[in-house]
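All of the numbers you see were taken from the coordinates with simple rules; none came from a lab. Bear in mind the structure is a predicted one, so any value in this text is a computation, not a measurement. Here the Cβ positions follow ideal geometry from the backbone for every residue, glycine too, while neighbour counts run over all protein chains shown.
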Amino acid sequence: MSNRPPQQLNILVSMYLGYAAMMICRQMVTILSPALLADESLGLTKTNLGDFAAYGTIGALVGKLIWGPLADKIGGRFTFLIGIFLTAVFVIAFGLSPNVMAFTGFSFLLYCTKSSGWPGLAKLVGEWYHPQHYGRAWSILSTSSRLSVVLATLFFGWLLSFMHWRTVAFIASVFSLVILVGCYFYLKEKPDNPNFFKENETNADNFELTIASKQAMNNKYNHPLQGTGTIDGLVAFAKSPRVLLVVIMLMVLTCMMAFLDFVAVYLMESYRLTPSQAAMASTVFPVGSLTGLLASIAFYDRFSKRGIRTVLTLSLILSLLSVLTLQYLPLFNLSAEINYLVALGAIFLFAFSISPAYYLPMSIFSIEFGGPHSATLVCLIDAFGFAASATFAFIGGRLADSSGGWSSFMNMLILISAVGIISVWAFMHSEYKAAKRLDI
């Protein structure tokens, strides 16, 4: 009897909890933002908070350039474990920071080390899961980041109501170090059995899926980039129109996801909430994102490339409608309570609609197209996304502080969301055409 499912379950749980630990550490900058703003001894402004997010995002960009090639050389397990340890350390350092410069520096380092998570996952997923199950594996793992953000924001937001924010940061770090110990013992680099994927490769009920499965396995073990160096891989990526399209798509979607960094402060100022209430209310964004990913578990591996193109394009149209709702909601002259509930619903739908497009296509494409350089490719794509997100954070914080306030901020988000529809359709259309040529 095959021991593949139990082994894969152990690996999945380890990756899930390990990435959750990294996300909790990364999210502490956002969770603590309302408390930092309310701490008069610090004298911070929304521009400062935007700068923390921006420099943190630049740190993530730098980290992607480091951790991608490194993960391809040292493996996913070691990369993953180092990342958990360092993010926990830098959360402690952030919590001990005395001034703006220290906050900014440790935000940079925290985001930089957290960048090790996704390339580590890319290598481990490629080793432990069948190509036809990449969508399901990535859907489940992506919920780790969203679920951890939801629970962490609620729990640590609650702690903020009666604990000092520095104590809350320390508790988050200790929690992550506990998870690190478990991952050290249960996470393995690759299966010991060379025939790990040989069983049950066919699907008697669907001939098309059986053919696609065989093609995917052939691509996995006979990849065009097998045996090539990092430079050769980068040259191949630079020549590919599909890589260009996925980079553009991720730049736009990462900016849209970066709205999360502003949600708590937006709700606090727009609806007169306390920092603790704002932190907890902001969980509506990760809850929406989590719900979108749970929905994608059911459909992603079962749809054709054409079907996925249609679904994701419609989802991005919904995200645009959600931002338009936030911008023009005051024109309907509803009560403050109704406005607040509608705003929460719009934020939920925004996150729900963009999360499958943000997490899944790029992750699957990086393993399939990148092959032995999958970690490098996933980090290269992410680096461009984070560069765009850093720009968004710099501009967003200043727009929120400007005379136009949150209205100016939302106008920028509306424009980005419109571009998101086009970029998602263009990349998924290129994937559809590539699948028709059997060039996966």
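Evaluate E = 1/(1 + (r/R0)^6) for Asn339 and Leu318, where r is the Cβ-Cβ distance and R0 equals 30 Å; express this FRET efficiency to the nearest 0.05. It would help to have the intermediate numbers written out before the result.
Working: r = 20 Å, r/R0 = 0.67.
Calculated transfer efficiency: 0.90.
Which one, Ala279, Ser296, Tyr19, is farthest towards the positive end of the dipole of the chain when Lys and Arg carry +1 and Asp and Glu -1 on their Cβ?
Positive-end residue among those listed: Ser296.
Using amide H atoms built 1.01 Å from N in the peptide plane, name the residues 5+ places from Thr283, or on other chains, whose amide H lies under 5 Å from its own.
none
Can you give me the distance in nm between label points at Tyr328 and Leu415, each placed 7 Å from the Cα along the Cα-to-Cβ direction?
Taking the two extended label points, one gets 1.9 nm.
Using only alpha carbon pairs under 8 Å that are at least six residues apart, calculate the relative contact order of the chain and give it in whole percent. Before the final figure, lay out each step's value.
Numbers: 681 pairs, mean separation 120.6, N = 440.
Taking the mean separation of contacting Cα pairs over the length of the chain, I get 27 percent.
Checking understanding here: applying a Kyte-Doolittle mean of at least -1.0 and a length along the axis of at least 30 Å (C-alpha), which whole DSSP H helices in the chain pass? Present the calculation step by step, with values, prior to reporting the outcome.
Details: long enough: 4-38 (51 Å, 0.83); 46-74 (40 Å, 0.47); 134-160 (38 Å, 0.99); 165-186 (33 Å, 1.69); 305-328 (35 Å, 1.05); 336-370 (50 Å, 1.29); 374-401 (40 Å, 1.26); 405-436 (48 Å, 0.83).
Helices meeting the criterion: 4-38, 46-74, 134-160, 165-186, 305-328, 336-370, 374-401, 405-436.
By how many nm would the segment from Trp158 to Val178 grow when fully extended, if each residue of separation counts as 0.36 nm and the alpha-carbon distance is taken off? Don't skip to the end; give the middle numbers.
Working: separation 20, 0.36 × 20 = 7.20 nm, distance 2.11 nm.
Fully extending the segment from Trp158 to Val178 adds 5.1 nm.
What is the spin-label model distance, in nm, from Arg398 to Leu9 if the labels are put 7 Å beyond Cα along the C-beta direction?
Computed distance between label sites Arg398 and Leu9 equals 5.3 nm.
Please give me the summed charge of the neighbours of Gly117: other residues whose Cβ is under 11 Å from its Cβ, Lys and Arg +1, Asp and Glu -1. Write down the numbers at each step before the final one.
Values: positive: Arg26, Lys64, Lys114; negative: Asp382.
Net charge in that neighbourhood comes out at +2.
Nearest 0.05, what FRET efficiency do Thr310 and Met101 give at R0 = 35 Å with Cβ-Cβ as r?
Numbers: r = 49 Å, r/R0 = 1.39.
The formula returns an efficiency of 0.10 here.
Say the dipole of region 241-358 comes from +1 at the beta carbon of Lys and Arg and -1 at that of Asp and Glu; which of Leu314, Leu245, Leu326 then lies farthest toward its positive end?
Leu245
Between Gly307, Gly385, Gly371, where does the largest GNM mean-square fluctuation fall for the chain, given springs only between Cα atoms within less than 10 Å?
Gly307
Using only the Cα atoms of region 287-360, construct the convex hull and provide its projected area averaged over every direction, in square nanometres to one decimal.
On the way: hull surface 19.9 nm².
Computed as one quarter of the Cα hull surface, the answer is 5.0 nm².
Between Phe170 and Ile74, what is 0.36 nm times their sequence separation minus the Cα-Cα distance? Round to one decimal in nm. Don't jump to the answer; show the numbers that get you there.
Values: separation 96, 0.36 × 96 = 34.56 nm, distance 3.00 nm.
Fully extending the segment from Phe170 to Ile74 adds 31.6 nm.
Roughly what % of Cα-Cα distances in the chain sit above 39 Å, to the whole percent? Numbers along the way, then the final one.
Numbers: 16664 of 96580 pairs.
When all Cα pairs of the chain are counted, 17 percent exceed 39 Å.
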